[in-house]
1. I'd like to check which helices (runs of 4 or more DSSP H) are fully inside segment 196-287 and have at least 3 residues that are at pLDDT 75 or above and under 23 Å from the mean Cα position of the chain (by Cα).
2. Contact list please: Cβ distance under 6 Å, first residue in segment 275-302 and among the charged types (D, E, K, R), second residue in a helix (DSSP H, G or I) and surrounded by 11 or more Cβ atoms within 10 Å (Cβ to Cβ), pairs at least six apart or on different chains.
3. Limited to segment 247-281, what total is found for residues that are surrounded by fewer than 17 Cβ atoms within 10 Å (Cβ to Cβ) and either out of contact with any Ser or Thr (no Cβ under 7 Å at 6 or more places or on another chain) or of a type in the set (S, T, Y) (or both)?
4. Please go through segment 314-335 and pick out each residue that is assigned to a helix (DSSP H, G or I) and either surrounded by 14 or more Cβ atoms within 10 Å (Cβ to Cβ) or among the β-branched types (V, I, T) (or both).
5. Tell me which residues, restricted to segment 282-301, are farther than 30 Å from G246 by Cα and exposed (fewer than 11 other Cβ atoms within 10 Å of the Cβ).
6. Name the single residue, out of those in segment 41-72 being in contact with a strand residue (DSSP E or B) (Cβ under 8 Å, 6 or more places away or on another chain) and of a type in the set (D, E, K, R), that is modelled with the lowest pLDDT.
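The values are calculated or read from the model by the stated rules, or taken from the named source; none is laboratory data. From a predicted model like this one, the values you see are computed outputs, not experimental measurements. Virtual Cβ from ideal backbone geometry, glycine too; neighbours counted across all protein chains shown. For accessibility, only protein heavy atoms count, side chains too; no ligands or nucleic acids. Shrake-Rupley method; radii C 1.70, N 1.55, O 1.52, S 1.80 Å.
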Amino acid sequence: MHPLAEKVLARDMRATARACRLVDDRAGDHAAILKDLFPHTGRAWVLGVTGNPGAGKSTLTDRLIGVFRKQGRRVAVVAVDPTSPFTGGAILGDRIRMQAHFGDPDVFIRSLATRGALGGLSRSAADIARVLDAWGADVVLVETVGVGQDELEITRMAHTTLVVAAPGMGDEVQAIKAGILECADVFAVNKADRDGADAAVRDLELMIALGGEVAQASGRARGHSAAALHARAAGAADPSGGPLEGPWVPAIARTVATRNEGVTALVGRLEGHRAWLFGTEAGAARREERLREAMHVQLRDALTDAAVVALGPALEAAVHAVARREVDPYTASERLVEAFRTGAAAAPGGAVTPGDVA
């Protein structure tokens, strides 16, 4: 086993920080570390926190840490901040709102820059979450950058997705068309002491109910009926004492994170989704689909990296050929794919020559 992986499993904070840095930079033998750690992962509950800029994600994340720590859980946080398209730098300021936990040895906070990645996450976020899972975290909170209407990568990574909304997010049309709202397992209407909080909750309830009717009409029922919605909101359970069977209906909680109000109730809603996810057949199907999507992403990234390395100068030659209008980009791409499939392994050093795509 890799020496750094051994130290991560021994819960060495500094070694875990070094492992996270190597994974984020994709430097050294980071792949070997991930391979050694993977058999020791799968225990942590990965909780994604996403929402529009200014909704209060970082402050609410800080309060969630406090509740989980009172429950005796070890908590890790992956906080993603945007990278400047001009300078390439990132402020990594989300952790500023979590200073109260810096001295806690059972809390690990790691900031990441998006490095140009889309979807609200960085490319390495999922791998770093696995490192922190192996470190011994019971809960891994993944806070995305402030996102808009369709940055939904967090749904492929997290077991449970919390969407943080705030009063004044827009009119009813904006609320209904915002794709980010459709990915939520639980909603937190934060800053609920402000005017418009009741309207925000009503908009979300309307969206959930309409979404269920549309799904049922199209033959893809998701259980978003009015009765099911009220049952979820009341925290109802199956008569046998377990979580409700059938598709999950998003729950809604009101919070005022700055005053630590409503956070315990929000955790109760989140725990309800976790119970459904790990205690029902529908939840098991959801977890399998999540793993399938994650494998597709992993395979896509691996193939892209391998193709770029193998094609080498041929890729640059194709770019210049397209720029000179000697070939269209579609034909050039088809030739590159074919060259990669048939010539990458045979060429010296695994590289494809420019003539392969001429």
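1. The helices (runs of 4 or more DSSP H) meeting that bar are 197-217, 263-279.
2. Every condition considered, the pairs that remain are E293/R156.
3. Number satisfying all stated conditions: 11.
4. Residues satisfying the conditions are A314, L315, A317, A318, V319, A321, V322, T331, A332, S333, R335.
5. Selection gives L299, R300.
6. K57
Here is a yes/no grid of residues against (1) of a type in the set (V, I, T); (2) modelled with pLDDT under 90; (3) in a helix (DSSP H, G or I); (4) under 29 Å from L64 (Cα atoms):
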| position | (1), (2), (3), (4) |
| --- | --- |
| A294 | no, yes, yes, yes |
| V337 | yes, no, yes, no |
| T342 | yes, yes, yes, no |
| A346 | no, yes, no, no |
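Rundown of residues vs (1) aromatic (F, W, Y); (2) in contact with a Cys (Cβ under 6 Å, 6 or more places away or on another chain); (3) crowded, with 20+ Cβ neighbours inside 10 Å; (4) at pLDDT 80 or above, yes/no style:
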{"position": "T87", "(1), (2), (3), (4)": "no, no, no, no"}
{"position": "A90", "(1), (2), (3), (4)": "no, no, no, no"}
{"position": "M98", "(1), (2), (3), (4)": "no, no, yes, no"}
{"position": "G103", "(1), (2), (3), (4)": "no, no, no, yes"}
{"position": "S122", "(1), (2), (3), (4)": "no, no, yes, no"}
{"position": "A134", "(1), (2), (3), (4)": "no, no, yes, yes"}
{"position": "T144", "(1), (2), (3), (4)": "no, no, yes, yes"}
